[in-house]
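Data first, discussion second: the structure below is written as structure tokens.
Read-outs throughout are calculated quantities, based only on the coordinates presented, and are distinct from any laboratory measurement. All values reported here derive from a predicted model rather than from experimental measurement. Virtual Cβ from ideal backbone geometry, glycine too; neighbours counted across all protein chains shown.
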Amino acid sequence: MTRTGPGTPMGELFRQYWIPALLAEELPEDDCPPVRVKLLSERMIAFRDSAGRYGLIDEFCAHRGASLWFGRNEEGGLRCPYHGWKYDVTGEAVEIPSEPENSTFCAHVKLTSYPLVKIGDVLWTYMGAPEKQPPLPEFEFSLVPPEQTYTSKRWQECNWLQAFEGGIDSSHVSFLHSGGLKSDPLFKGTKGNEYNMGDLKPYFEVADFEGGLFVGARRNAEEDSYYWRITPWVMPCFTMVPPRGDHPVHGHFWIPIDDENCWAYSFDYHPVRALTAAEVQAMREGHGVHSDNIPGTYRPKANKDNDYLIDREAQKRGDTYSGVKGIAMQDASLQESMGPIVDRTKEMLVSADSGIIKARQKLKRAAEALRDKGITPPGVDPAHHRVRSAAVVLPRDASFIEACREDLSVREGVRQSSV
Amino acid sequence: MTRTGPGTPMGELFRQYWIPALLAEELPEDDCPPVRVKLLSERMIAFRDSAGRYGLIDEFCAHRGASLWFGRNEEGGLRCPYHGWKYDVTGEAVEIPSEPENSTFCAHVKLTSYPLVKIGDVLWTYMGAPEKQPPLPEFEFSLVPPEQTYTSKRWQECNWLQAFEGGIDSSHVSFLHSGGLKSDPLFKGTKGNEYNMGDLKPYFEVADFEGGLFVGARRNAEEDSYYWRITPWVMPCFTMVPPRGDHPVHGHFWIPIDDENCWAYSFDYHPVRALTAAEVQAMREGHGVHSDNIPGTYRPKANKDNDYLIDREAQKRGDTYSGVKGIAMQDASLQESMGPIVDRTKEMLVSADSGIIKARQKLKRAAEALRDKGITPPGVDPAHHRVRSAAVVLPRDASFIEACREDLSVREGVRQSSV
Amino acid sequence: MTRTGPGTPMGELFRQYWIPALLAEELPEDDCPPVRVKLLSERMIAFRDSAGRYGLIDEFCAHRGASLWFGRNEEGGLRCPYHGWKYDVTGEAVEIPSEPENSTFCAHVKLTSYPLVKIGDVLWTYMGAPEKQPPLPEFEFSLVPPEQTYTSKRWQECNWLQAFEGGIDSSHVSFLHSGGLKSDPLFKGTKGNEYNMGDLKPYFEVADFEGGLFVGARRNAEEDSYYWRITPWVMPCFTMVPPRGDHPVHGHFWIPIDDENCWAYSFDYHPVRALTAAEVQAMREGHGVHSDNIPGTYRPKANKDNDYLIDREAQKRGDTYSGVKGIAMQDASLQESMGPIVDRTKEMLVSADSGIIKARQKLKRAAEALRDKGITPPGVDPAHHRVRSAAVVLPRDASFIEACREDLSVREGVRQSSV
């Protein structure tokens, strides 16, 4: 389940979906420098041509194999600087200067390429068979007006699955992020946080839906009520954190780079209002689900080479539960500490891990159904994308999945359901 | 013989002994930060709990595999910061917060653990079967009063065996360390050194004893006498340098980290007097058998990444025979230069290597006897630890092993036999 | 064809030739420090003894395997600092101090060694069977007076073959090096360059000769004439760039270090005049075919760890076609970008690659003829070395190989044929 290279069952599953390939900011203008992109163990080059078209093509020139990262992005194509072969955004060779005038050779040269489409702050790609290309994704965070949304990314040095599993694991918040609940400008100061910290033994209930799962974590609220935090998972790797008061809502994609690295895409958006300048500033500084990256890169300043700048005094005082600063890096540090690909034969799952257990089953079943019967997996249909997380107080006898049907759907002009 | 991971014959042999796991200074107070320890290819965490008890447990949480190095050391145990699972020094889970109040699950969760005991400046562990755990070690350097002893350690980037073999190889001293004999504050200025430098063709004689070997190197002294330097080896990897005048006596343990790295533990002690301030200062600065480490680490400042700061001018002048500064780094540089695990099919052993030859035979035989018949190997019994090195002048017709029986034993209140 | 370790067919082929082992400047005086040399995947030590004799011997002492790089170079030999074993330039042990006076052991100890001979600025070795050792090489650049020649080297982080193939690939010059043709002090300002840039579709003709190939690239010159640039390749890896006006002539050797690294030896010489101070200065600064190396090393300052200091603005302006500065690094960056050993099953060779195609065939045939029938390959005979490159304008109906027979031969006192 951890392997996503070409030809692997999980790799084929991932190749059914539109997935984030890079941030739009990485290709800021026409004819700007090309960017190396590695996804699902394939090495590619993304570029934006003179007409603003985006392309994602094989990294290596068809001629002798030089990297097109050194290419000249000019006049409608990317030109290999070795012998001047030039490709358009679809990977087709459009000029081979050394060939005779009347040669038809050029028409037969084509690099592997994938579509690259800007929606919101993200450039999305689809790496599967062209004839099965689904409609474009419709996640709310990428469709709201630009001033209502913010997306960042960071390199995480472990397999995508152990990163993703953190995203649907609501029970660790009361421990690992307990400091953040009190102090993070994008998390703090809500009634829900009080419920969260007041009950360290949440009860988990997981409900299926056509695109994935809703993972409900139930904690005691008042005498006659429960506080429910509901995390949607849209297959294969989209998750949303349950909201907190009127804070922007955040979520993640966990995109395999190769089997030992992934991109954590982290977004924040508000369904009905612009983000405030203070909120955007906090996101840029690496608060909330975002990270403070080394300038010019997407690697966090706190990383495994420097033990995540752990501060044992802050750990002792409880300012940060683990001594690592920032919610994103608290997760990343522990997930990376498991090793590049954790040995799951040694784990001991408990009732609080029921979301993880169900998600693995669903991924496995979907990959097998695709491989054996060609069945399109859940989450491909854009209708499956129009979900929300929710944090609500319900009567003790209510079923979260019935009571929250509306709360868990995108409703235009209506704010998130949040306590 | 170079492999010491779980299940290997030499690994099983090592698991019969108490061995140094870390320096006591690495866990300086109750509830201090835990420390990563890798020994015999096993990754573990050492910590000291609120009551001052020491523990050495599996590095990874039983739940999801997060590293307990990020753990919170508090109130009698080490708590995983991911979901709050807490372990005591024996590796037993003492709290699993997400479990229901009445759950008995916690009682069944236990991490692999080994005893960790402070004797002198060292924390010792025994990684074998609990039912075969021998009595604690009784090496003199760790039993004398604290002011009489000093221990350091350094990371050596090669297999333990080629490091150890340097420790019983008395013949290289007249070459590699000839500069040190003249200038090192912890070596210089003895009559013995004159004998050492005056005869570059020592004759070797190796004598068995119940715990290992005594390697005697005989050099001409006066007309009618020989200068004998006698190095004891207690199995599997304890060696002592023959003493020099009234200098403190030094020795080593060579402890496998994994098959390509080892710890060189280096001690200096005097059986009957306190170390002087000048001696301790010299040890701290990396003189004698000690090394000058990168602050906050146990890696020498002079290491293979910087060619051990070799000084070709000093080499040419003869200040340092190889151009590398410091006795410890002279050894380390050459032993590491052989490669992580030297190819012993290519070596050409000579008569001066008889100690090495006998030691290898003894290790091989002991590992086989253990594997095939369960025989407890030499050196496990603490009685075997009570040996000393010696440097003596004997009549030409004397047998060193008979003449020095007392000199080679620990005698309380009696100083080392040293010229 | 990419593998050159001991026992491989291409490795055996390389072992028929004298090849550059290091620059003479690396062993600047008698008894200077020894130098690590890795060639054809063999690790060796080069040194120059007290009498000025050069030696190339196995890196590791025959005794215990310590690296002789730490050796003391003194009194006619290199002494291992571990136990004092001493070797002469032929690898024979000349002293083993620990052995008894009357021992004959020393006479039987010999390290693998190869001859090392200074010709011009280069120290050459021959790593094959002694009985087949050919006469010394006679390349013109190494035989002209010292003031007429200059040689540098740089580490290239890819297989030798993809580096070499760039050396006989005249068609990339009009693209990758188009900036250099205009601005490089060692390339610019010739009539030939105008022809070069005026015709981007050169026609290639490849002619066999007893020592290798002549690769002719034909471009339009005037109405009735062609501009021919002719690159000789002497097997296995000597190439010369066609000359430009009265600039010094340059060329290369591509010498395998191991299968993923090679040395690019780059020379410049003028057959009939001294190099000017300005020319030598430009070479030292890394212009022309030379590189600007990290002081004390032969690694270029612009290398794959820093993306060759690519300057996208300079690329956009066209100052440098690929954005990488310097002709040598333009080649190196692209050749290294193909990966350590490019996957040749994926390439698409075109008519402009006919030199590369023929060269591969010739290498393959020669390696097979050697392996199967013991046939001495082309390029071993020093007579094959006495070739020149040429850049000439010929009538449109002339055959370059017939018209240039004299231009392509070394003619003492006659300058290169160059436009």
- Message: Sorting check: for A:79-86, C:306-313, A:169-176, which peptide has the highest mean count of neighbouring beta carbons within 10 Å, and how do the rest follow?
- Response: A:79-86, A:169-176, C:306-313
- Query: For the pair C:Lys118 and A:Glu194, how long in nm is the line joining their label points, each one 7 Å along Cα→Cβ?
  - Reply: 8.7
- Over 25 Å between Cα atoms, which of C:Lys182/C:Lys325; A:Lys38/A:Lys118; A:Lys86/C:Lys188; A:Lys304/B:Lys304; B:Lys364/C:Lys38 qualify? A:Lys86/C:Lys188; B:Lys364/C:Lys38
- Item | Convex hull of segment C:199-279 built on C-alpha atoms - directionally averaged projected area, nm² | 8.1
- Task: Just add up the charged neighbours of C:Asp246: K/R +1, D/E -1, any other residue whose Cβ is under 14 Å from the Cβ of C:Asp246.
- Result: +3
- Given R₀ = 35 Å, FRET efficiency for C:Asn102-B:Ser409 by Cβ-Cβ distance, to 0.05? 0.40
- Message: Is there a quick way to get the dipole size of segment A:310-419? I mean about its Cα centre, with the Cβ of Lys and Arg at +1 and of Asp and Glu at -1; what is the value in debye to the nearest 20?
- Response: 180
- Go through B:Met283, B:Asn303, B:Ala264 and say which Cα lies farthest out towards the positive end of the charge dipole of segment B:244-307; charges sit on Cβ, +1 for Lys and Arg, -1 for Asp and Glu. B:Met283
- Estimated FRET transfer efficiency when R0 is 22 angstrom, pair C:Leu309-C:Lys182 (beta carbons, to 0.05): 0.65
- Query: From the square roots a ≥ b ≥ c of the eigenvalues of the alpha-carbon gyration tensor of chain C, which class results: rounded (a/c under 1.5), prolate (a/b over b/c), or oblate?
  - Reply: prolate
- Under the 7 Å Cα-to-Cβ spin-label approximation, C:Glu210 and B:Glu210 lie apart by a distance in nanometres of 8.2
- Message: For a quick size check, give me the Cα extents of segment C:1-77 along its three principal axes, largest first, whole Å.
- Response: 41, 30, 14
- Task: State log₁₀ I(q)/I(0) for segment B:223-373 at q = 0.10, 0.15 Å⁻¹ as given by the Debye formula over alpha-carbon point scatterers of equal weight, solvent excluded.
- Result: -0.47, -1.06
- The exposure ranking of A:Arg411, C:Arg396, fewest beta-carbon neighbours within 10 Å first, is C:Arg396, A:Arg411
- Taking chain C and dividing mean pair separation by its residue count, relative contact order in percent (alpha carbons under 8 Å, at least six apart): 18
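Using every Cα-Cα pair within segment A:60-188, state what percent have a distance larger than 17 Å. Display every interim value, and only then the final one.
On the way: 6181 of 8256 pairs.
For segment A:60-188, the share of Cα pairs beyond 17 Å comes to 75 percent.
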- Note on the structure: Checked against the positive end of the charge dipole of the protein assembly as shown (+1 on Cβ of Lys and Arg, -1 on Cβ of Asp and Glu, about the Cα centre), the farthest of B:Pro145, A:Met44, B:Gly7 is B:Gly7
- Task: Go ahead and estimate [θ] at 222 nm for the protein assembly as shown from helices alone: -39,500 (n - 2.57) per DSSP H run with n ≥ 4, summed, over the residue count, rounded to 500.
- Result: -5500 deg cm²/dmol
- Message: Based only on Cα atoms, what mean projected area does the convex hull of segment C:336-377 have, in nm²?
- Response: 4.1
- Item | Shielding by partners, peptide B:159-169 (average Cβ within 10 angstrom, other chains) | 1
- Report the relative contact order of segment A:164-227, percent, no decimals, based on alpha-carbon pairs under 8 angstrom and at least 6 residues apart. 25
- Query: Per residue of A:57-67, what is the mean number of Cβ atoms on other protein chains within 10 angstrom of that residue's Cβ?
  - Reply: 6
- Under unit Cβ charges (Lys, Arg +1; Asp, Glu -1), what dipole magnitude, rounded to 20 debye, does chain C have relative to its Cα centre? 700
- segment C:319-391: Kirkwood hydrodynamic radius (Cα pairs, Å) comes out at 15.8
- Item | Along principal axes, Cα extents of segment C:117-269, largest first, whole Å | 56, 32, 30
- Query: What net charge do the residues around A:Lys316 carry, taking every other residue with its C-beta under 10 Å from that of A:Lys316, with Lys and Arg at +1 and Asp and Glu at -1?
  - Reply: -2
- Task: Please list the equivalent ellipsoid semi-axes of segment C:288-419, computed as the square roots of five times the alpha-carbon gyration tensor eigenvalues, in descending order and whole angstrom.
- Result: 33, 24, 18
- Net charge dipole size for segment A:239-384 [Lys, Arg +1 and Asp, Glu -1 on Cβ; Debye, nearest 20]: 380
- What's the average, rounded to a whole number, of partner chain beta-carbon atoms within 10 Å of each residue's beta-carbon in C:333-345? 4
- Note on the structure: Checking rank on B:354-360, C:130-136, A:215-221, B:103-109, with mean other Cβ inside 10 Å and highest first, the result is A:215-221, B:354-360, B:103-109, C:130-136
- Message: Compute the distance from the alpha-carbon center of segment A:235-285 to that of segment B:215-268, in whole Å.
- Response: 61
- Message: Need one word for the protein assembly as shown: rounded, prolate or oblate. Basis is the Cα gyration tensor (sqrt eigenvalues a ≥ b ≥ c); a/c below 1.5 gives rounded, then a/b vs b/c decides.
- Response: oblate
- Message: Could you tell me the center-to-center distance, by alpha carbons, between segment C:62-129 and segment B:32-61 in angstrom?
- Response: 48
- Quick one: Cα centre-to-centre distance for segment C:301-364 and segment A:289-322, in angstrom? 39
